[in-house]
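*Asks:* The structure follows.
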Amino acid sequence: MVVIVMGVTGAGKTTVGRLLADQLGWQFADADDFHPPANVEKMRRGIPLTDDDRRPWLERLHTEIETWISEGKTAAAKNVVLACSALKRSYRQGLGSDPEVRFVYLKGSAELIARRLRSRHGHFADEKILAAQFADLEEPEGAVTVDIDAPPEEIVTEIRARLGLTSLD
């Protein structure tokens, strides 16, 4: 299974995703690590990415997801939590329609997320691109939607309960 923890920058995808993976004993991957250097540089300068910028990144992620699912079917289960913005419906469709792919949407207000971004240091994406991310966001249908106005541990507990992941799988 691949659980994609999605949302805008600053929603807590990496924090929640790592905690979820740790609790389940699963692998964790951050989609930011798959961006080409040019994308990272644009975001570092506060320039929102375009669909053309995202296309090779999404294709690479799709390939990784297919590999993880394939490996999980042929070997001991390889389950992965992937932190990925997945802002648009077309992006999510490109990432995977396999029933082994589940989306968890971390939902929060622009004000809450902007406050978080102002206190975050050492990440290439910051408050400058938040408005563009909210503009691009197409809230998912069929995803597990979790309000982020709670501590990460509570968010992970809710995700596990709603996905039926109550024990190490």
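The values are calculated or read from the model by the stated rules, or taken from the named source; none is laboratory data. Note that this is a predicted model, so its numbers are computed, not measured. When we count neighbours, we look across all protein chains shown, and the Cβ atoms used for this are built from the backbone with ideal geometry, even at glycine.
*Asks:* Of Gly94, Gly108, Gly142, which residue is at pLDDT 90 or above, closer than 16 Å to Leu49 by Cβ and out of contact with any Cys (no Cβ under 9 Å at 6 or more places or on another chain)?
*Replies:* Gly94
*Asks:* May I ask you to verify whether Ala11 is of a type in the set (Gly, Ala, Ser) and within 22 Å of Gly142 (Cα to Cα)?
*Replies:* yes
*Asks:* Collect the residues in segment 130-155 that are touching a residue at least 40 places away in the same chain (Cβ under 8 Å), within 18 Å of Ala114 (Cβ to Cβ) and not in a loop (DSSP other than H, G, I, E, B), keeping them in residue-number order.
*Replies:* Result: Leu130, Ala132, Gln133, Phe134, Asp136, Asp147.
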